[in-house]
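Notes to accompany the following structure.
The values are calculated or read from the model by the stated rules, or taken from the named source; none is laboratory data. None of these values were measured; they are calculated from a predicted model. Because the Cβ atoms are built from the backbone with ideal geometry, glycine has one as well, and the counts that use them run over all protein chains shown. We work out accessible area using only protein heavy atoms, side chains counted, and drop any ligands, DNA or RNA first. Shrake-Rupley method; radii C 1.70, N 1.55, O 1.52, S 1.80 Å.
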Amino acid sequence: DAGITQSPRYKITETGRQVTLMCHQTWSHSYMFWYRQDLGHGLRLIYYSAAADITDKGEVPDGYVVSRSKTENFPLTLESATRSQTSVYFCASRGVVGTGELFFGEGSRLTVL
Amino acid sequence: TQLLEQSPQFLSIQEGENLTVYCNSSSVFSSLQWYRQEPGEGPVLLVTVVTGGEVKKLKRLTFQFGDARKDSSLHITAAQPGDTGLYLCAGSGNQFYFGTGTSLTVIP
């Protein structure tokens, strides 16, 4: 089915472990984004990508790594998870520069113990 | 520090009442979008405003973009329980910066 999918939907891990959240879109959209959502903060941009092999930092990039070897995939890695990274993570894509709509995945809820 | 501040953060009203949500920034945006998010799902676009002073209506929802393109408002007339959700504004450029969100509950 066409769309944007995230996996896993739920993840519990321990402090210090590496975690990778996957994001896959079937529209061939150029732009992809990773956000985290915490109460009182709305959505905060972690990283974004304008095209394959082009990534850039957002508002809160520390502790996260991204890659974009293929247009359709944009994984987010927490190299050494911390409790402050407990959050709901949303991936989004956009096909049109400027006023284009963002299409979101259903989110990945991550708990770091 | 977030570029976009929304107010109020929480709003609980009775069915049939009117309400206004505000989105303010010190930055100028080329366009501004409003999204609505329901529990367990990602945000979904409601509207995009581009021109300073622009007003757009979507049934009972009225969106306005400030003349200086730094702020926006969302007005809901005669709120319904189905309007319950988290409302987010987003300023766009190459990046999309979201506001802090307004959680609306409409009580039947």
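Would you mind stating whether A:ARG109 is more than 11 Å from the chain's Cα centre (by Cα), at negative phi and within 11 Å of chain B (Cβ to nearest Cβ)? Considered against the rule, which asks whether it is more than 11 Å from the chain's Cα centre (by Cα), at negative phi and within 11 Å of chain B (Cβ to nearest Cβ), A:ARG109 comes out as yes. Restricted to segment B:65-80, and to residues there that are open to solvent by less than 20 Å² (accessible area, probe 1.4 Å) and of a type in the set (A, V, I, L, M), the residue that is nearest to the other protein chains (Cβ to nearest Cβ) is B:LEU74.
Tallying residues that are in contact with a helix residue (DSSP H, G or I) (Cβ under 7 Å, 6 or more places away or on another chain) and buried (at least 16 other Cβ atoms within 10 Å of the Cβ) within segment B:81-108 yields 2.
Taking segment B:14-64 as the range and being hydrophobic (A, V, I, L, M, F, W, C) and away from every other protein chain (no Cβ under 12 Å) as the test, the residues that pass are B:LEU19, B:VAL21, B:VAL28, B:VAL55, B:LEU58, B:LEU61, B:PHE63. Quick check on segment B:29-42. Is at least one of its residues surrounded by fewer than 19 Cβ atoms within 10 Å (Cβ to Cβ) and among the hydrophobic types (A, V, I, L, M, F, W, C)? No, there is no match, as no residue in segment B:29-42 is surrounded by fewer than 19 Cβ atoms within 10 Å (Cβ to Cβ) and among the hydrophobic types (A, V, I, L, M, F, W, C). Within segment A:89-100, being farther than 12 Å from B:GLN95 by Cα and buried (at least 16 other Cβ atoms within 10 Å of the Cβ) holds for A:TYR89, A:PHE90, A:CYS91. The number of residues in segment A:32-84 that are among the small types (Gly, Ala, Ser), loosely packed, with under 14 Cβ neighbours inside 10 Å, within 12 Å of another protein chain (Cβ to nearest Cβ) and farther than 22 Å from B:GLN37 by Cα comes to 1. Scan segment B:35-81 for residues that are of a type in the set (S, T, N, Q) and over 30 Å from A:ARG9 (Cα atoms) and jot them down. Answer for segment B:35-81, where residues must be of a type in the set (S, T, N, Q) and over 30 Å from A:ARG9 (Cα atoms): B:THR51, B:THR62, B:GLN64, B:SER72, B:SER73, B:THR77, B:GLN80. Picking from residues in segment B:92-103 that are part of a strand (DSSP E or B) and out of contact with any Ser or Thr (no Cβ under 6 Å at 6 or more places or on another chain), the one that is nearest to the other protein chains (Cβ to nearest Cβ) is B:PHE98.
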